[in-house]
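The structure under discussion appears below in the form of structure tokens.
The values are calculated or read from the model by the stated rules, or taken from the named source; none is laboratory data. Just so it is clear, the structure is predicted and the values come from calculations on it, not from any experiment. Neighbour counts are summed over all protein chains in view; Cβ atoms, including those assigned to glycine, are modelled from backbone coordinates with ideal geometry. Note: areas computed on protein heavy atoms with side chains; ligands, DNA, RNA excluded. Shrake-Rupley method; radii C 1.70, N 1.55, O 1.52, S 1.80 Å.
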Amino acid sequence: RSTLFPYTTLFRSSIPTTFNVGDTFSYEGLSVTANYDDGTDDIVTPTSVSTPDLSSAGQKTVTVSYTKGGITKTATYTITVNAVTLTSIEVSGAKTAYYVGDTFVKPTVTATFSNGSTSDVTNSATFSGYDIGSAGNQTVTVSYTNGTTQSTSYSITVTAVTLTSITISGYTTSFKNR
């Protein structure tokens, strides 16, 4: 068998070619065939496989190399890296009953993204549409922006504070019999 080979062929039948921004690159399933000048071929383990940048969306090229007998051949294939987008937000643990003058308590806000991942975004979300200084039924609108904006809302009731009694303390009274 000759040690010279004019090209390397990639078979990608089960290799992942679509990734999301932030994923870890994998070439599991990649099959590389070295083709020799005598018409024979071998399935080989690549000498190197480039690692594409998965931190941004777009088409990326993966370069696969195989070296034998001092001769290196390369082949490439293209992968697609999709942007991860915000698809929804959900509010949980919302306090729904307040008295006028209470401090508003932020509920937990969880964002869901197109790759199925979730993240607690409570500190980055905005809360609007309510006034704890005014009694009545109110709607709290919750919004979060990460490329796109998603919003949801929930109801709260703010009740006026009513004086029900007073207590006197700090002194004593005494009565004398006459």
Give the aspartates and glutamates reachable from LYS73 as a straight Cα distance under 15 Å; neighbours fewer than 8 places away on the same chain don't count.
ASP37, ASP41, ASP42
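About its Cα centre, what dipole magnitude does the chain give when the only charges are +1 on Lys and Arg Cβ and -1 on Asp and Glu Cβ, stated in debye to the nearest 20?
On the way: 9 positive and 11 negative charges, 181 e Å.
Dipole about the Cα centre, nearest 20: 860 debye.
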Once volume of the Cα convex hull per residue in Å³ is worked out from the coordinates, which option in (i) 146; (ii) 101; (iii) 182 does it equal?
(iii)
Backbone N within the stretch 70-104 under 15 Å of label point (7 Å from TYR36 Cα along the Cβ vector)
70-71
Once THR118 and LYS176 are pulled to full extension, the length gained, defined as 0.36 nm per residue separation minus their Cα-Cα distance, is 13.5 nm
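Can you compute the FRET efficiency between LEU54 and ALA97 using 1/(1 + (r/R0)^6), with r the Cβ-Cβ distance and R0 = 45 Å? Round to the nearest 0.05. All intermediate terms of the calculation are to be shown ahead of the outcome.
Details: r = 46 Å, r/R0 = 1.03.
After rounding to 0.05, the efficiency reads 0.45.
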Give me the distance in nm between label points sitting 7 Å out from Cα along the Cα-to-Cβ direction at LYS68 and PHE127, one decimal.
6.6 nm
With every protein chain left in place, what is the accessible area per residue of the chain in square angstrom, probe 1.4 Å?
63 Å²
Hey, any idea what % of the stretch 5-101's accessible area is carbon plus sulfur with a 1.4 Å probe?
47 percent
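If LYS106, LYS176, LYS73 are ordered by their accessible area, calculated over protein heavy atoms with a 1.4 Å probe, which sequence runs from highest to lowest? Mind showing how you got there, number by number?
Values: LYS106 105, LYS176 175, LYS73 60 Å².
So the residues, ranked largest to smallest area, are LYS176, LYS106, LYS73.
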Label model pair ILE166, THR76: point-to-point distance (7 angstrom along the Cα→beta-carbon line) in nm is 8.6 nm
